[in-house]
Amino acid sequence: MTLTLEEVEHIAELARLKISPQEKNRYREQLSEILEYASRLGDVDTSGVDPTPSVLPDRSAFRSDEPRSGMGAKALLFNAPDVEKDQFRVPPVLE
Amino acid sequence: MSKLVELTLSQIIAGLRKGDFSSCELTQAYLARIDHLESQLHAFITLTPDLALAQAEHADQQYAAWRVDSNVTLPPLAGVPIAIKDVLSVAGVRCTCGSKILEDFVPPYNATSVERLLESGMLIVGKTNTDEFAMGSSTENSAYRTTHNPWDVNRVPGGSSGGSAAAVAARLAPVALGTDTGGSVRQPASFCGVTGIKPTYGRVSRYGLVAFGSSLDVVGVLGHDAVDSACIYKLIAGHDQLDSTSADRPIPEFKLVDSLQNSLTRFRIGVPDEYFIPGMQPEVETAVRKALSEFENLGAEVMPISLPHTKHALPVYYLIAPAEASANLARYDGIRYGPRVQSDRMWDIYSRTRGDKLGSEVKRRIMLGTYALSTGYYDAYYGQAQKVRTLIKNDFDQAFENVDLIAAPVTPTTAFPIGEHLDDPLSMYLEDVLTIPASLAGVPAISFPVGFDKQGLPIGMQLMGPQFGEEILFQTTHSFQLVTNWHLSKPKL
């Protein structure tokens, strides 16, 4: 199967990846090859088979609802590229 | 070069306790060796010599106090160095995951596996090189440098834990932590001639491990032999409340037995025909089959078995792992950590930062995963892959009703030259074909050296066990290592 350039552009947009025209062409070829290989799985008979989202048996991962202290704003903001008054600073989201 | 770096973990612990040498002397010996060889090997992304020496001094004080009064608490591995793959958080030390998008990221907390090692008294010499976000089989995808195989510096050490494997092989550290999602501990262990364990999924906490494929990622150990690897494994394994996928099963207290008298008489070892693939390097097959007759000499019953869905493992993995990665890497957006490529528009910050700072293999996998999960394709790709995964897991469950262990080669070839697979991603993915099934099934597996090819490159073999069967893997490997010398060979560095 071969992906079109438009499909590659659409995937890149969904994944929020800005890629150059050369990258687009290269990924188009490479992704097509990989997906072609992967699509052979379509031939495997999986009727009546349940998926395996996790190899561990299902169990509750909840803990008791008791408050605990967190890491604190200082630690959490330490690596941020743009900080103002203990907040992450970003451009407007809504126009 | 100091003889101290030739010691095994057990010899180091004994020597420190007896006072034959101090932790400072030991640590300095490793740091000097790192200094001498790093320009050739590039096993590390970040070195932490000051931190290591400070911890060594502290350990020496603990030993001094303990020798005066043996009731004083002495952490079991006080003053013993270890290297940590740069996808595991060490508080206060840069953690890059081999990526530019985390170039100066400093984690504010320790990964649980790291925390447990620090509590045991270990000291960290540095963060080892890795393929970017652990995606790769050669450590060539690191955005910082390529690590060179100590056995032949023109070849790859394997990946993604290539830095850790090279560090142990070259004696830059006696042991190292790595991670294994599709083979990333076992394959570099095989290429570098060391012993690497991939525990059962959920056996070791993933808290503080930067996520790649959440249903596949496992923290593992690389060491010179089963004894050393088991020692570190016991320190890090076990339930962790901070990891909701951590298995709530106690680690049995076990000690490896040295007695050889028919030591493997109880064991049935299954050899799946599907793992001896066409195009495999003949010397690899020869060495593995020779090792199997060694197991028979030790009393094991070796028998052919079939894991019929093996051939589907690679496509299953290269749909599931990228799908999970596409979700896990969505957080790298230039907002809360890492560098930011500025723009007036939010969406642009995401696209430009990610486009600019993520490497091509990572982008390729994110796009693969995004496609496999997208509307209209989810059922055919991701959904189908998850079902075939069940079939692969069932193969293992059924096999373990008749055998105790499964033995197989680890890689189709020995270490390949640097640059060989870079133009063809699919050819790189094919390197993982023998390690991926155990990852999909979540079963533990150990890789250890069983010979060398005519170019002097190490050949590895793997044993796979039932879930939570790490003890059998360590004991069987240890029994093998008592009667063979492959694991004692050292690269000429």
Identity of the residue in region B:346-384, in a loop (DSSP other than H, G, I, E, B) and modelled with pLDDT under 95, that ends up nearest to the other protein chains (Cβ to nearest Cβ):
B:SER374
Does B:ILE84 count as part of a strand (DSSP E or B) and either modelled with pLDDT of 95 or more or under 24 Å from B:TRP151 (Cα atoms) (or both)?
yes
Number of the condition not met by B:PRO108 [criteria: (1) in a loop (DSSP other than H, G, I, E, B); (2) in contact with a helix residue (DSSP H, G or I) (Cβ under 6 Å, 6 or more places away or on another chain); (3) under 27 Å from B:THR146 (Cα atoms)]:
(3)
Yes or no: A:SER39 out of contact with any Cys (no Cβ under 8 Å at 6 or more places or on another chain), within 9 Å of another protein chain (Cβ to nearest Cβ) and either free of Cβ contacts under 8 Å to residues at least 24 places away in the same chain or within 27 Å of B:GLY202 (Cα to Cα) (or both)?
no
Residues in region B:304-345 that are among the aromatic types (Phe, Trp, Tyr) and at the interface with chain A (Cβ under 7 Å from one of its Cβ atoms): how many?
2
Pair list, Cβ < 7 Å and 6+ apart or interchain, from region B:393-422 residues that are at pLDDT below 95 to residues that are outside any loop (DSSP other than H, G, I, E, B) and polar (S, T, N, Q)
B:HIS421/B:SER427
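Residue-wise test of (1) in contact with a strand residue (DSSP E or B) (Cβ under 8 Å, 6 or more places away or on another chain); (2) of a type in the set (Asp, Glu); (3) over 18 Å from B:TYR318 (Cα atoms); (4) surrounded by 13 or more Cβ atoms within 10 Å (Cβ to Cβ).
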position: A:SER20; (1), (2), (3), (4): no, no, yes, no
position: A:LYS24; (1), (2), (3), (4): no, no, yes, yes
position: A:GLN30; (1), (2), (3), (4): no, no, no, yes
position: A:ILE34; (1), (2), (3), (4): no, no, no, yes
position: A:TYR37; (1), (2), (3), (4): no, no, no, yes
position: A:ARG40; (1), (2), (3), (4): no, no, no, no
position: A:VAL44; (1), (2), (3), (4): no, no, no, yes
Out of the residues in region B:400-431 meeting the condition of being surrounded by fewer than 17 Cβ atoms within 10 Å (Cβ to Cβ) and among the small types (Gly, Ala, Ser), tell me which one is nearest to B:MET135 (Cα to Cα).
B:SER427
Kindly indicate the residue of region B:467-490 that is buried (at least 18 other Cβ atoms within 10 Å of the Cβ) and more than 22 Å from B:ALA438 (Cα to Cα) and also farthest from the chain's Cα centre (by Cα) among those meeting that condition.
B:SER479
So, B:ILE320, is that one under 30 Å from B:MET367 (Cα atoms) and in a loop (DSSP other than H, G, I, E, B) or not?
no
Among (1) among the acidic types (Asp, Glu); (2) crowded, with 17+ Cβ neighbours inside 10 Å; (3) facing chain A (nearest Cβ under 8 Å); (4) in a helix (DSSP H, G or I), B:ASP395 falls short only on (3)
Can you find even one residue in region B:437-452 that is surrounded by fewer than 19 Cβ atoms within 10 Å (Cβ to Cβ) and assigned by TED's automatic domain parsing to the domain that holds B:ALA313?
no
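Which of the residues spanning region A:8-34 are more than 7 Å from every other protein chain (Cβ to nearest Cβ) and either touching a His at 6+ places or on another chain (Cβ under 7 Å) or not hydroxyl-bearing (Ser, Thr, Tyr) (or both)?
Residues satisfying the conditions are A:VAL8, A:GLU9, A:HIS10, A:GLU13, A:PRO21, A:GLN22, A:GLU23, A:LYS24, A:ASN25, A:ARG26, A:ARG28, A:GLU29.
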Would you pick out the residues in region A:70-83 that are of a type outside the set (Gly, Ala, Ser), surrounded by 10 or more Cβ atoms within 10 Å (Cβ to Cβ) and not in a loop (DSSP other than H, G, I, E, B)?
A:LEU76, A:LEU77, A:VAL83
Here are some conditions: (1) aliphatic (A, V, I, L, M); (2) farther than 30 Å from B:LYS85 by Cα; (3) assigned to a helix (DSSP H, G or I). B:LEU235 meets all but one. Which one does it not meet?
(2)
Examine region B:145-153 for a residue that is among the aliphatic types (A, V, I, L, M) and surrounded by 24 or more Cβ atoms within 10 Å (Cβ to Cβ), and state whether such a residue exists.
no
Test B:GLY208 against the stated conditions and say whether it is crowded, with 24+ Cβ neighbours inside 10 Å and not hydrophobic (A, V, I, L, M, F, W, C).
no
Of the conditions (1) of a type in the set (Val, Ile, Thr); (2) under 21 Å from the mean Cα position of the chain (by Cα); (3) not in a helix (DSSP H, G or I), A:THR46 clears all except one; give me its number.
(2)
When you look at A:ARG89, is it more than 7 Å from chain B (Cβ to nearest Cβ), closer than 24 Å to B:ILE101 by Cβ and surrounded by 15 or more Cβ atoms within 10 Å (Cβ to Cβ), yes or no?
no
Failed item, numbered, when B:ALA165 is tested on (1) assigned to a strand (DSSP E or B); (2) closer than 19 Å to B:LEU488 by Cα; (3) free of Cβ contacts under 8 Å to residues at least 60 places away in the same chain:
(1)
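Confirm whether A:VAL55 is in contact with a His (Cβ under 8 Å, 6 or more places away or on another chain) and surrounded by 14 or more Cβ atoms within 10 Å (Cβ to Cβ).
Numbers: in contact with a His (Cβ under 8 Å, 6 or more places away or on another chain): no; surrounded by 14 or more Cβ atoms within 10 Å (Cβ to Cβ): yes.
Spelling it out, it is not the case that A:VAL55 is in contact with a His (Cβ under 8 Å, 6 or more places away or on another chain) and surrounded by 14 or more Cβ atoms within 10 Å (Cβ to Cβ).
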Scanning region B:453-466 for residues that are crowded, with 23+ Cβ neighbours inside 10 Å and of a type outside the set (A, V, I, L, M) gives B:PRO458, B:GLY460, B:GLN462, B:GLY465
Residue list for region B:111-140, filter: surrounded by 24 or more Cβ atoms within 10 Å (Cβ to Cβ), among the small types (Gly, Ala, Ser) and touching a helix residue (DSSP H, G or I) at 6+ places or on another chain (Cβ under 8 Å)
B:SER113, B:GLY126, B:GLY136, B:SER137, B:SER138
Expected output for region B:425-451 (first residue more than 13 Å from chain A (Cβ to nearest Cβ), partner assigned to a loop (DSSP other than H, G, I, E, B) and aliphatic (A, V, I, L, M), Cβ below 7 Å, 6+ apart or cross-chain) is B:LEU434/B:VAL410; B:THR435/B:VAL410; B:SER447/B:VAL410
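The values are calculated or read from the model by the stated rules, or taken from the named source; none is laboratory data. Fair warning: this is a prediction, and the values are worked out from it, not measured in the lab. Every residue, glycine as well, gets a Cβ built from its backbone with ideal geometry; the counts of neighbours run over all protein chains shown.
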